[in-house]
Amino acid sequence: MEELTTIMRSLRTSPTVSEIRSYLKAKNGVLTFADFLECMHTQQQKEKTSREIRAAFAAYDPRKKGTIPIKDLRHILSGWGERLSSKEGKY
């Protein structure tokens, strides 16, 4: 279970413990590579990460120019998720 969690998270998904358990339970605790690919596909469909990220950034782009102000980007990077320090948020 720990290995599957690590692998899936390294591939940019965020499965919960219960999701990992359900994937393993469905396959009696043993996953083939084909089973793993199926799990990854299922997880990616659930998360729809790229759409969520685009929607979040679009919310900061009210004029639909395809850009956001740097102060808003710094606010996002330093205040959400794995927060960046103020030093990391500068370039």
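Taken together, the values in this text are just the output of simple stated rules run on the coordinates, not laboratory data. Bear in mind the structure is a predicted one, so any value in this text is a computation, not a measurement. Here Cβ is always computed from backbone atoms with ideal geometry, including for glycine, and neighbour counts include all displayed protein chains.
Give me the net charge for the shell around Glu47: Cβ to Cβ below 14 angstrom, other residues only, Lys and Arg +1, Asp and Glu -1. Local net charge: +4. Summing charges over all other residues whose Cβ lies under 12 Å from the Cβ of Leu31, with Lys and Arg as +1 and Asp and Glu as -1, gives -1.
For the chain, a simple Cβ point-charge model (Lys and Arg +1, Asp and Glu -1, everything else neutral) yields a dipole of about 580 debye relative to the Cα centre. Taking the structure as given and computing Cα extents along the principal axes in Å, which label from (1) 36, 27, 27; (2) 50, 29, 19; (3) 36, 34, 27 fits? Read-out from the structure maps to (2).
When the helices of the chain are scored as -39500 (n - 2.57) per DSSP H run of n ≥ 4 and the total is divided over every residue, the value at 222 nm lands at -18500 deg cm²/dmol.
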